[in-house]
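The values are calculated or read from the model by the stated rules, or taken from the named source; none is laboratory data. Predicted model, so just to flag it, every value in this text is computed and none were measured. For neighbour counting, all protein chains shown are included, and Cβ atoms are generated from backbone atoms with ideal geometry for every residue, glycine included. Just the protein is used for accessible areas: all its heavy atoms, side chains included, with ligands, DNA and RNA removed. Shrake-Rupley method; radii C 1.70, N 1.55, O 1.52, S 1.80 Å.
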Amino acid sequence: MARNPQSGGRLRPVDLARGHGLSTQAIRNYEEAGILPAAGRTPHGYRTYTPLHASALRAFLALVPGHGHRTATSIMRAVNGGAVDEAFRLVDESHAQLLDDRRTLRAVESALRDLEAASAPEPGPAAASGPGGTFIGPLAGRLGIRPATLRAWERAGLVRPRRDPRTGYRVYDEADVRDARLARQLRRGGYPLERIAPLITRVRAAGGLEPLEAALRDWQGRLSARARAMLAGAAELEEYLREREREHGGDAACSERECGRTSHADRREKLSRRQ
């Protein structure tokens, strides 16, 4: 990172911005948001930063890919506000969410294997099924959902039951049951209806489940990328905490106001000496 050779350990906003492809306004915005500690000021009122600010910026930018911008911001604000345990809690929550996503992925993969292994419709009471299919009540019961949910999925295009010509009741054939089971698992995984519908349309058009297999591989890849990004973010956050400890006498949890007190006092002392 470039430095102003005439400022010693001081860095200008442009020095911080240049190494990360950011604008100087972004640096000022990060400071105002609490992502960076408060900047010092020159006698003329210009912002000055230090290597500690550079470390904070690296930590934030490393946290974003794994935790998201909002959580990364909250983590940095907690650290800079002296609430290190709160920052750790936020990190733990992200890891818990990642673990939950992995469990959901495994559940969807298990459902896919079950669907691929199925060679015939599930048996059911004769009175509950129509010719070549099943009615809405028994299907909803097997899936553990309400009939109203199946009707909503029909309106969204996820299932396409035919109507019994004698009774007018919905009849779900084997493909409908498959689509309903896929929709249920993907909804559990947090997929919105508008993302599920195109996927099921592709499954129908392809006559099989290959598109879903590709989607699951992509999902797995994204989870692995998040996990690795969290490791990178943790390394930079640890380095920032160590920098704070070195700069503030072993106390990484000092608040921004407390941590800045010494630097402000030093500046006042220097100014008094000049006068």
**Asked** Among all residue pairs at least 6 apart or on different chains, which show Cβ distances below 8 Å where the first residue, located in the stretch 216-227, is without any contact (Cβ under 8 Å) to a residue 12 or more places away in the chain and the second is among the polar types (S, T, N, Q)?
**Response** none
**Message:** With open to solvent by 90 Å² or more (accessible area, probe 1.4 Å) and at pLDDT below 90 as the only criterion, which of R18, R10 stands out?
**Reply:** R10
**Request:** Identify all residues within the stretch 194-205 that are of a type in the set (A, V, I, L, M, F, W, C) and open to solvent by 60 Å² or more (accessible area, probe 1.4 Å); write none if there are none.
**Result:** A205
**Asked** Is it true that some residue in the stretch 62-72 is open to solvent by less than 30 Å² (accessible area, probe 1.4 Å), free of Cβ contacts under 8 Å to residues at least 40 places away in the same chain and aliphatic (A, V, I, L, M)?
**Response** no
**Fill in**
By residue number, the members of the stretch 213-237 that are at pLDDT below 85 and either open to solvent by 60 Å² or more (accessible area, probe 1.4 Å) or acidic (D, E) (or both) are E213
**Request:** Can you tell me which residue within the stretch 179-193, out of those that are open to solvent by 20 Å² or more (accessible area, probe 1.4 Å) and either of a type in the set (A, V, I, L, M) or modelled with pLDDT of 85 or more (or both), is farthest from W153 (Cα to Cα)?
**Result:** R181
**Item:** Counted residues, the stretch 83-95 - those being among the small types (G, A, S) and surrounded by fewer than 18 Cβ atoms within 10 Å (Cβ to Cβ)
**Value:** 1
**Message:** Between a residue in the stretch 37-52 that is within 24 Å of L237 (Cβ to Cβ) and any residue that is surrounded by 19 or more Cβ atoms within 10 Å (Cβ to Cβ) and of a type in the set (F, W, Y), which pairs come within a Cβ distance under 7 Å, given they are 6 or more apart or on different chains?
**Reply:** A39/Y49
**Asked** Scanning for something open to solvent by 60 Å² or more (accessible area, probe 1.4 Å), out of contact with any helix residue (DSSP H, G or I) (no Cβ under 6 Å at 6 or more places or on another chain) and modelled with pLDDT of 95 or more, does the stretch 244-259 turn up at least one residue?
**Response** no
**Request:** Starting from residues that are without any contact (Cβ under 8 Å) to a residue 12 or more places away in the chain and over 16 Å from L193 (Cα atoms), keep the ones in the stretch 147-166 and report whichever is most open to solvent (accessible area, probe 1.4 Å).
**Result:** R166
